[in-house]
1. Return the pair list, or none, for Cβ contacts closer than 8 Å from residues in region 150-166 that are under 13 Å from Thr118 (Cα atoms) to residues that are buried (at least 20 other Cβ atoms within 10 Å of the Cβ) and small (Gly, Ala, Ser), at least 6 apart or on different chains.
2. Restricting region 44-64 to residues that are over 27 Å from the mean Cα position of the chain (by Cα) and outside any loop (DSSP other than H, G, I, E, B), which is nearest to Phe78 (Cα to Cα)?
3. For region 189-223, enumerate the residues that are in contact with a helix residue (DSSP H, G or I) (Cβ under 6 Å, 6 or more places away or on another chain) and under 24 Å from Leu127 (Cβ atoms).
4. Would it be correct to say that Ser152 is within 21 Å of Ser126 (Cβ to Cβ), in contact with a Phe, Trp or Tyr (Cβ under 9 Å, 6 or more places away or on another chain) and either outside the structural domain of Asp65 (by TED's automatic domain parsing) or in a loop (DSSP other than H, G, I, E, B) (or both)?
5. State whether the residues of region 157-172 include one that is loosely packed, with under 14 Cβ neighbours inside 10 Å, at pLDDT 90 or above and either under 21 Å from Met111 (Cβ atoms) or among the charged types (D, E, K, R) (or both).
6. All but one of (1) among the hydrophobic types (A, V, I, L, M, F, W, C); (2) more than 29 Å from Ser240 (Cβ to Cβ); (3) in contact with a helix residue (DSSP H, G or I) (Cβ under 6 Å, 6 or more places away or on another chain) hold for Val129; state the number of the condition that does not hold.
7. Taking the condition of being more than 20 Å from the chain's Cα centre (by Cα), outside any strand (DSSP E or B) and touching a residue at least 12 places away in the same chain (Cβ under 8 Å), how many residues in region 208-224 meet it?
Amino acid sequence: MFLDGNGMKPTKPRRLYLKAAEHLRASIAGGIFKRGERLPSETELAEELSVSRSTLREAFRLLEDEGLIMSRRGAGSFVRPESKRIVEGLEKLGSMTKSIRRDGSRAEDRMLSARPITLGESTAQSLQVETGSIGYMIETLRLADDRPVIYSCDILPASLLTNIEVLNRRKDFESLLDFLWEVAGVQVSYCVEKVRILLAASPMTHLLSVPAGTPLLVMDGVAHDESDRVLYVESAYFASEIYDFVLVRRP
């Protein structure tokens, strides 16, 4: 059990997750939990550390952000193997920058451009607005250890933001999800994605620094809030030799 210097329980239980994370971190560094190994169940670890399962989950989230462990729905939590590949769950909707960092790489989210555009028929239909209306296009590049791994093009309806000036604030956030929540006050509830393979050609060869003909994983999606309102459409291009997705399927 975690005790303070006087042998008493700490007066601030919320700090327990930091002590739990420190214990797990030391166990990983000391080889008690080896790279790629599945961690004991939440019940076992919570009992061993004398903390609640909710406290343990807070510790897990911290270690995930640090890139030490990874969680797979239905499979448990694992110590991340040492690898130059980035692995993410296909069922997850979250910050791509954080997924890079969780795998132990130095992550950077770089905004390339943010500008108004006139919406063509297909994009306007996806956004559920009139063809020819104004939208905002945001292009970003995610890097892992200075190597480009993801190019994203996101298009938002103009009605989502109060004015064009706030577009430049996208560069202050690690993800579009955070930007929309902090700046527009809207939260993405789910995103319907289509996955395809594309052989790299210009300009992707330049943006992702890959040879022509390199297979790229492309995810085209439409994001919604909890009331099913469309928030944006996206196309994300992943350097497939670096970025892997996994999908847990159940009967």
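The values are calculated or read from the model by the stated rules, or taken from the named source; none is laboratory data. Predicted model, so just to flag it, every value in this text is computed and none were measured. Using ideal geometry, Cβ is built from the backbone for each residue, glycine included, and neighbour counts are taken over all protein chains shown.
1. Ile155/Gly135; Leu156/Gly135; Pro157/Gly135; Ala158/Gly135
2. Glu44
3. If the condition is that a residue be in contact with a helix residue (DSSP H, G or I) (Cβ under 6 Å, 6 or more places away or on another chain) and under 24 Å from Leu127 (Cβ atoms), then Val222 is the only one that fits.
4. Working: within 21 Å of Ser126 (Cβ to Cβ): yes; in contact with a Phe, Trp or Tyr (Cβ under 9 Å, 6 or more places away or on another chain): yes; either outside the structural domain of Asp65 (by TED's automatic domain parsing) or in a loop (DSSP other than H, G, I, E, B) (or both): yes.
Spelling it out, Ser152 is indeed within 21 Å of Ser126 (Cβ to Cβ), in contact with a Phe, Trp or Tyr (Cβ under 9 Å, 6 or more places away or on another chain) and either outside the structural domain of Asp65 (by TED's automatic domain parsing) or in a loop (DSSP other than H, G, I, E, B) (or both).
5. Yes; the residues of region 157-172 include at least one that is loosely packed, with under 14 Cβ neighbours inside 10 Å, at pLDDT 90 or above and either under 21 Å from Met111 (Cβ atoms) or among the charged types (D, E, K, R) (or both).
6. If we test Val129 against (1) among the hydrophobic types (A, V, I, L, M, F, W, C); (2) more than 29 Å from Ser240 (Cβ to Cβ); (3) in contact with a helix residue (DSSP H, G or I) (Cβ under 6 Å, 6 or more places away or on another chain), just (3) comes out false.
7. Initially, region 208-224 is screened for residues more than 20 Å from the chain's Cα centre (by Cα), giving 209-215.
Going one step further and asking which of them are outside any strand (DSSP E or B), we end up with 209-214.
Now narrow it down to the ones that are touching a residue at least 12 places away in the same chain (Cβ under 8 Å): 209-210, 212-214.
Going through region 208-224 one residue at a time, the tally reaches 5.
For (1) loosely packed, with under 13 Cβ neighbours inside 10 Å; (2) in contact with a helix residue (DSSP H, G or I) (Cβ under 9 Å, 6 or more places away or on another chain); (3) at pLDDT 90 or above; (4) under 20 Å from Arg106 (Cα atoms), each residue gets a yes or a no:
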position	(1), (2), (3), (4)
Gly31	yes, no, no, no
Arg35	no, yes, no, yes
Gly67	no, yes, no, yes
Arg72	no, no, no, no
